[in-house]
Amino acid sequence: MSIKMKKQQTTNNIAIPNKDLEILKKHFSNCFDKGGNFDIEKFKKELSKNEIDFSKEGYGIDWLGKNYARLIASDNATTLLKGNKDWNKKDENKDSKNLLIKGDNLEVLKHLSNNYYEKIKIIYIDPPYNTGSDGFVYQDDRKFTVKELSKLAGIDEEKAKRILEFTQSKSNSHSAWLTFMYPRLYIAKQLLKDEGVIFISIDDNEVAQLRLLMDEIFGEENSLDRGTLIWVNKGSTKGFNKIVKNHEYILAYGKNASLVKSFYGKNHIDELDIINERLQIKRTLKNPTSQVLFPKGIKIEEVDNTLFENSVGGKTGRIDIINNNRKMIFENGRLKHDIILEAAFPYKNQMIKFFKNDGEVYDFKGQKWLEVYFKKTGIPYFKKERNTKIISSILDDCGNSGLKDVEKLNIPFNNPKPVNLIEKIIDYFSSNEDVILDFFAGSGTTGEAVMQLNSDTKGNRKYILVQLPEEINPQKDKISYDFVKKELKIKNPTIFDITKERLYRSAKKIKEDKEKTTDIDFGFKIFETIPIWEDYNFDTEEFSSQTKLFNESNLRKEDLQILLTTWKTYDGIPLTQDLKEINLDGYTGYYFDNKLYLIDKGFKTKNLKKLLTEIDENKEFNPAIVIVFGYNFESKVLREIAENIKNYSNKKNMGVDFVTRY
């Protein structure tokens, strides 16, 4: 058995993983010097043999604050993650995989960047439009000196000074909006699967800037067919004598557009005639007998003429066709029997074979056919389910507003997006097990859309919603303020409170309206970001009882659980996944996915013995890494644990990493 000892200063160093840099170091290690600096000229020479064009021609977007935006995109998180213990333990929420997170979405995205890296299928966001009246201003509480920013961002001090002035000035300029959006979109890209897609609602105020920004972050080639969806959000403009704006935009990009697949259409019915001119129906007024003529010598031995006549002219009835002793019965437009009918109708010079499976009709290609109808000419046609369909760039059938959706729930909220709009996007690009992220959650429309779609399709999609606890202004939105204050009994009303209540009420309503929803996940777990404790710091080589950089005695049991939640998320364990408690002879360890956390005080020799016994005898306990909270363990105890695990010849012959974390 081997053991590796490490010390990690994790809590203050949570940032998005730089996978691109890892790839460069793996494949072009010779382009890095001993100090870890990347030599771009050497890199160019490496690729020249592959005829890579390093031309500087092209276009892009630049603004005051771009260097700053890049810096804070990779800057460390300044918060921890705290779970809502009481809410998350409720029966309807304890096993849920849905998430509602309260906090600054940039901080939340950084926390999610490890455990949800390349796991999100769809991102939909409805960010501030920067209309001038929507309340958007950019303000950053990060404290950089001019010299620090100049060094970190690689810019001169004059530019650093100008940037700091505007980031602290509550600006709503284009530059301020771009500085706000860039780091969020940059991290969002890291969370998407390779085949993932992102949709962003916007209007004319920032659509031009947003497209250029998306081209820079995602690549112009990953715009979905240069996809700008037009959502018609107002009714008729009849009677106006000027141009009236009755639409907004939704920009659509893929992580890798060539891998993006459409799932829309699995419930969409598309008409398709399978009967061509070679199949004719002859009718005369004198003789109402109808005769169906099949090509290639197929003989119809008997036709129920009367019932056939009743189906002509768009009506549906019952048709019995007997062919080679095999009977096909259509009743009210649907095939009613389980017997296979071979060589029935010609389609592209082939015979189609129909068969039933669980009450549905399929042809020999495995495509599903729903209903058969008859045109006025008497020629039958089918409605068929298609697996592909092009979505229209004009979304004029999704509703003009989401007000009716929230009114049904008796929740007041200004300008929500329609559930149908977001549901259509999710349906088009997701399958049943995908994760959908919305980090500008607002009233929670995306969460309701996911639940509605799941209940319609028996799906298991999961949502992650992020909402800032933005205070509701009683002067500007008295109705919402009074709703939260008086009805929900919350002292300081915020938008987050409305998000939470809508998710709860919409889940309840869908369960009441729909049948057979027992397998649908209608719950959600709640987490929030909180500031890292004041003076939480560790910068010495080894902690001892004489080294008091942080007073750990101030940490309560609840604080240690917050630390544990933050660490497990950093380690790639889903935020919705509870850790299993391991009883080590009176001392509690926390375990999941080969990771064992020891964070409480009071670890003694008897607990170590029990740990070694568990490693040997518990088949479900296989820690590949043991992580301890350094502040709660003296140095001699840490050495004792590490040495005993190293020297203990366990039956599983496991190699274990031993990590002291602060």
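The values are calculated or read from the model by the stated rules, or taken from the named source; none is laboratory data. Predicted model, so just to flag it, every value in this text is computed and none were measured. Note that we place each Cβ from the backbone using ideal geometry, even for glycine, and neighbour counts take in every protein chain shown.
Summary table below
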| quantity | calculated |
| --- | --- |
| Condition check for T499: more than 13 Å from the chain's Cα centre (by Cα), under 27 Å from T576 (Cα atoms), among the polar types (S, T, N, Q) and part of a helix (DSSP H, G or I) | yes |
| Qualifying residue in the range 211-231 (condition: modelled with pLDDT of 60 or more, in the same structural domain as D427 (by TED's automatic domain parsing) and touching a His at 6+ places or on another chain (Cβ under 9 Å)) | yes |
| Residue count, the range 603-616 (criterion: surrounded by fewer than 18 Cβ atoms within 10 Å (Cβ to Cβ), free of Cβ contacts under 8 Å to residues at least 24 places away in the same chain and either in contact with a helix residue (DSSP H, G or I) (Cβ under 9 Å, 6 or more places away or on another chain) or not hydroxyl-bearing (S, T, Y) (or both)) | 2 |
| Residue among I520, I526, I530 that is aliphatic (A, V, I, L, M), in contact with a helix residue (DSSP H, G or I) (Cβ under 9 Å, 6 or more places away or on another chain), more than 22 Å from G402 (Cα to Cα) and assigned to a loop (DSSP other than H, G, I, E, B) | I520 |
| Filtered residues of the range 574-607 (kept if over 24 Å from N98 (Cβ atoms) and acidic (D, E)) | D585, D600 |
| Filtered residues of the range 120-135 (kept if surrounded by fewer than 19 Cβ atoms within 10 Å (Cβ to Cβ) and not hydroxyl-bearing (S, T, Y)) | P128, G132, D134, G135 |
| Meets criteria (acidic (D, E) and surrounded by 17 or more Cβ atoms within 10 Å (Cβ to Cβ)) for E470 | no |
| Of all residues making up the range 477-529, the number that are among the aliphatic types (A, V, I, L, M), within 27 Å of N432 (Cα to Cα) and touching a strand residue (DSSP E or B) at 6+ places or on another chain (Cβ under 7 Å) | 2 |
| Yes/no for I599 being under 15 Å from T11 (Cα atoms) and in contact (Cβ under 8 Å) with a residue 12 or more places away in the chain | yes |
| Residue within the range 564-584 that is over 30 Å from the mean Cα position of the chain (by Cα) and surrounded by 18 or more Cβ atoms within 10 Å (Cβ to Cβ) present | yes |
| Residue within the range 127-139 that is without any contact (Cβ under 8 Å) to a residue 24 or more places away in the chain, of a type outside the set (V, I, T) and touching a helix residue (DSSP H, G or I) at 6+ places or on another chain (Cβ under 9 Å) present | no |
| Any hit, the range 185-198, residues being among the acidic types (D, E), over 25 Å from N76 (Cβ atoms) and part of a helix (DSSP H, G or I) | no |
| Residues that are in contact with a Leu (Cβ under 8 Å, 6 or more places away or on another chain) and without any contact (Cβ under 8 Å) to a residue 40 or more places away in the chain, drawn from the range 416-448 | P416, E423 |
| Segments classed as strands (runs of 3 or more DSSP E), wholly inside the range 71-171, with at least 1 members that are among the small types (G, A, S) | 79-83 |
| Qualifying residue in the range 191-202 (condition: basic (K, R), surrounded by fewer than 20 Cβ atoms within 10 Å (Cβ to Cβ) and within 17 Å of the chain's Cα centre (by Cα)) | yes |
| Selected residue (criterion: farthest from the chain's Cα centre (by Cα)) from residues of the range 414-438 that are surrounded by fewer than 24 Cβ atoms within 10 Å (Cβ to Cβ) and farther than 21 Å from D396 by Cβ | N414 |
| Residue list for the range 449-478, filter: part of a helix (DSSP H, G or I), farther than 25 Å from D104 by Cα, in contact (Cβ under 8 Å) with a residue 40 or more places away in the chain and not acidic (D, E) | Q452, N454, S455, T457 |
| Flag for I479 being at pLDDT 95 or above and under 30 Å from the mean Cα position of the chain (by Cα) | no |
